[in-house]
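Have a look at the structure below before the remarks.
The values are calculated or read from the model by the stated rules, or taken from the named source; none is laboratory data. Quantities reported herein were computed from a predicted structural model and do not represent experimental measurements. Here Cβ is always computed from backbone atoms with ideal geometry, including for glycine, and neighbour counts include all displayed protein chains. For accessibility, only protein heavy atoms count, side chains too; no ligands or nucleic acids. Shrake-Rupley method; radii C 1.70, N 1.55, O 1.52, S 1.80 Å.
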Amino acid sequence: MADQDKAWKPDWSTCGTAGCIGIRLKDAEGCLTHVEPQAREAFLATLKPGAALDLRGTPIDPELLSGLLAAVRPEHGPPTLGNAEFTKAQFSGRAVFSGVQFSRIAEFGGTEFGGDAMFGGAQFSRIAVFGGAQFSGDAEFAGAQFDGDAWFSNAQFSS
């Protein structure tokens, strides 16, 4: 597996920050984590409930995740995402997706959860992919609802 990881290359335009594989924001040199605060705020302002989100390879801390989910929260109800692309993203700290509605594909393949991953009460309306994800802290899915297929092949749970 280590040899496969060495050969793996992102198939997206990556961040200009050395060592970061996060997908570049449109018209920017960096991923959402490494752009200027004004660019990050402008990106968050474009999000609406049900928005598609592509953060492949992006490092995401709890503050950024909270801002993302606040941006897709309708006036009444839980945060709602359309296609959510988090392939190879790296979550530091606690990743709280509790109660989030994933209305389309939720892709967490190869994602690293450095702290607890909280998906309690989340609703996955279509496909949920966690294949190869690494959970270093607690992984909580109590009350999560999977209405479509869910894949956890080769996922690693450490805690």
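Annotations
Residue-wise test of (1) open to solvent by 30 Å² or more (accessible area, probe 1.4 Å); (2) over 24 Å from GLY131 (Cα atoms).
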position	(1), (2)
ASP27	yes, yes
GLY30	no, yes
PRO49	yes, yes
GLY77	yes, yes
LYS88	yes, no
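- Those residues of region 135-154 which are closer than 14 Å to GLY109 by Cβ and crowded, with 18+ Cβ neighbours inside 10 Å, in sequence order: PHE135
- Test for CYS31: is it in contact with a Ser or Thr (Cβ under 6 Å, 6 or more places away or on another chain) and part of a loop (DSSP other than H, G, I, E, B): yes
- Among the residues listed as GLU107, GLU63, the single one being in contact with a strand residue (DSSP E or B) (Cβ under 8 Å, 6 or more places away or on another chain), modelled with pLDDT of 95 or more, farther than 16 Å from LYS48 by Cα and among the acidic types (Asp, Glu): GLU107
- Checking each residue in region 74-94 for being charged (D, E, K, R), in contact (Cβ under 8 Å) with a residue 24 or more places away in the chain and assigned to a loop (DSSP other than H, G, I, E, B) picks out LYS88, ARG94.
- Within region 14-41, tally of residues that are among the hydroxyl-bearing types (Ser, Thr, Tyr) and within 17 Å of the chain's Cα centre (by Cα): 2
- Filtered residue count, region 110-131, keeping only those that are crowded, with 20+ Cβ neighbours inside 10 Å, of a type outside the set (Val, Ile, Thr) and in a loop (DSSP other than H, G, I, E, B): 4
- The set of residues in region 95-109 that are in a loop (DSSP other than H, G, I, E, B) and within 17 Å of ASP149 (Cβ to Cβ) comprises SER103, ARG104, ILE105, PHE108, GLY109.
- Residue match in region 141-148 (condition: within 12 Å of the chain's Cα centre (by Cα), in a strand (DSSP E or B), farther than 19 Å from ALA71 by Cα and touching a residue at least 12 places away in the same chain (Cβ under 8 Å)): no
- Test: residue in region 44-51 that is in a loop (DSSP other than H, G, I, E, B) and touching a His at 6+ places or on another chain (Cβ under 7 Å): no
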